[in-house]
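The values are calculated or read from the model by the stated rules, or taken from the named source; none is laboratory data. Quick caveat, the model's predicted, so the values are computed rather than measured. Ideal geometry is used to build each Cβ from the backbone, glycine not excepted, and the neighbour counts take in all protein chains shown. Just so you know, the surface numbers come from the protein's heavy atoms only, side chains and all, with ligands and any DNA or RNA stripped out. Shrake-Rupley method; radii C 1.70, N 1.55, O 1.52, S 1.80 Å.
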Amino acid sequence: MLVRISRQVLSKEHKDSRSFLSIVLANCLVEVKRNVDTYVDNQVRTINEIRVSKKSKCGILPFVVTFERFAEQAESIFKGTDRRADLDKSYSKLISAQFKAIHKIAIEHQKTPSDVVIFENFHHLHGVLSRLKITCLENERKEAKQRYQEHIQAYVTTYLGRPMEKLNHFFEGVQTLVTQGVKEEEVGFQMAYNKQELRKLIREYTSKEVKKGLDHLYKKVEKTLCDEESLLQVVWRSMQQEFIHQYNHIQNLIKRCYPGANLTLEFTIDEVLQFFSNIAQSH
């Protein structure tokens, strides 16, 4: 309606601003523009005041879906028109409100981890903005991608945790000693960090126990993520990368601090990769 009336007002047939029809159309244009602004303001208010159920998984928030539909229709209607600036202003208000609301809901939600709420919804928004190629929201598209990536990594770090917890704790103590001036090759002579203690810890992390822990982790992640975004395998690959990073870190410290001790973890990277692959395929 806004676009059609605007075209009529600017058309040659209604250039005479003194004509009755021109005056009527101009008044209609003002009223329609006011209605559009009211609609956008109401949408922003709805976004700010939304309450979602905290008894089930959060998933993609309703206002994100509503914005997607609005943007799809608006792009087809406003494309190449003289009212594009009005639409861009509306976009700015709506996207700003959504960015703030996503983080607010993420903090308040009791069922879904905050990082999941954030990365799932920003992943969806990034997909919408990338598909529609809305020029005025290019910076917001990049920011949505950044927030999605940051929070998926934060989730991976938090929920993967340190699957070799005792070993990680052990080597934190090793690094503290080195920071305090103990030479790396002399760490093994410290009572709490000798070769016997390390060997005992290594034996706790057999390939069977590691696979069992990863299988439990996969089920936990699967229950947490929503189905709409299909991010389970993305998260799982990120967890695989983080696990391998921790594995290499521990192996490197063993070589540096316990040279010649013939100590190594009881499972290989190839086995880890196989664990992750088999678990993903079995679910």
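Based on alpha carbons, the Rg and Dmax found for region 186-252 are 16.7, 54 Å. Between Gln73 and Gln246, the C-beta separation translates, for a Förster distance of 45 Å, into a calculated FRET efficiency of about 0.40.
Divide by every residue of the chain the summed helix terms, -39500 (n - 2.57) for each DSSP H run of at least 4, and state the resulting mean residue ellipticity at 222 nm, rounded to the nearest 500 deg cm²/dmol. Let's see the in-between values first.
Details: 11 runs with 205 residues, N = 283.
Calculated at 222 nm, the ellipticity per residue is -24500 deg cm²/dmol.
When Leu87, Leu232 are compared by accessible surface with a 1.4 Å probe, the order from highest to lowest is Leu232, Leu87.
Could you state the accessible area per residue of the chain in Å², with a 1.4 Å probe and every protein chain left in place?
Details: 16350 Å² over 283 residues.
On a per-residue basis, the chain sits at 58 Å².
Each other residue within a Cβ distance under 11 Å of Glu266 adds +1 if Lys or Arg and -1 if Asp or Glu, for a net charge of 0.
Accessible surface of region 102-216, 1.4 Å probe: 50 percent of it comes from carbon and sulfur atoms.
Only Cα sites of region 154-283 enter the Debye sum here, all with the same form factor; the resulting log10 I(q)/I(0) across q = 0.12, 0.20 1/Å is -0.52, -1.11, listed in q order. Report, as a whole number in µm² per second, the diffusion coefficient that Stokes-Einstein gives for the chain at 37 °C and 0.692 mPa s using the Kirkwood radius over alpha carbon pairs. D, rounded to a whole number, is 141 µm²/s. Across the protein chains, with a 1.4 Å probe defining accessible surface, the residues Ile47, Ile77 rank Ile77, Ile47 from largest area downward.
Could you list, in their original order, any pairs among Lys145/Lys166; Lys104/Lys212; Lys89/Lys133; Lys104/Lys142; Lys100/Lys142 whose Cα atoms are separated by more than 24 Å?
Working: Lys145/Lys166 35 Å; Lys104/Lys212 36 Å; Lys89/Lys133 16 Å; Lys104/Lys142 20 Å; Lys100/Lys142 16 Å.
Where the Cα-Cα span goes over 24 Å, the pairs concerned are Lys145/Lys166; Lys104/Lys212.
Whenever you get a sec, compute what percent of the accessible area on region 241-283 sits on carbon and sulfur atoms (1.4 Å probe). Answer for region 241-283 is 46 percent, counting heavy atoms of protein chains only. Ranking of Tyr39, Tyr247 by solvent-accessible surface, largest first: Tyr39, Tyr247 (1.4 Å probe, protein heavy atoms only, all chains present).
In the context of the full protein assembly, Thr264 retains an accessible surface of approximately 80 Å², using a probe radius of 1.4 Å and ignoring ligands and nucleic acids. Seen against the Cα atoms of the chain and their longest principal axis, helix 138-160 is set at about 30 degrees. Applying the Karplus relation 6.51 cos²θ - 1.76 cosθ + 1.60 with θ = phi - 60° to region 96-102 yields 3J(HN,Hα) values of 5, 5, 5, 4, 5, 5, 4 Hz, where x marks Gly and Pro. Structural size metrics of region 126-191, computed from C-alpha coordinates, are Rg and Dmax of 21.7, 63 Å. Solvent exposure of Arg203, expressed as accessible area, is near 150 Å², computed with a probe of 1.4 Å over the protein chains only.
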